[in-house]
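Read the structure below first, then the notes.
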Amino acid sequence: MRFQSLNPPEAGGSGADQLRGPDRLRGKVVLVTGGAGGIAAATARRLAAAGAHVSLVDRDQPALDQLVSTLGEGHLATAADVTDQMSLQAAAR
């Protein structure tokens, strides 16, 4: 698994690495757990703004629905409890 920073590349960088360019997240699918509020919701907004397809998971479906409606097209909100394997398997379907 590779993690990518949401911060822009440092000035003066070569730009040779595609992951460091402004479109590095465009078209990528990103799973955000606990996505209905707080840091996760802020992260989801930033990811969506960077062009990623955001898949939000949280136990609070109404809060997820409200957030995903603000992100635009191409994002998904699924209620699941990440501490419950059966719940996660059902959400992945």
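About its Cα centre, the dipole of the range 21-75 is roughly 240 debye, where the only charges are +1 on Lys and Arg Cβ and -1 on Asp and Glu Cβ.
How much length would be gained if the chain were fully extended between ALA91 and ASP65, taking 0.36 nm per residue of separation minus their Cα-Cα distance, in nm to one decimal?
Numbers: separation 26, 0.36 × 26 = 9.36 nm, distance 1.45 nm.
The ALA91-ASP65 span can extend by a further 7.9 nm.
Just so you know, all these numbers are worked out from the coordinates, no wet-lab data involved. Predicted, not measured: the structure shown is a model, and the values here were computed from it. A quick note on method: Cβ atoms are made from the backbone with ideal geometry, for glycine too, and the neighbour counts reach across all protein chains shown.
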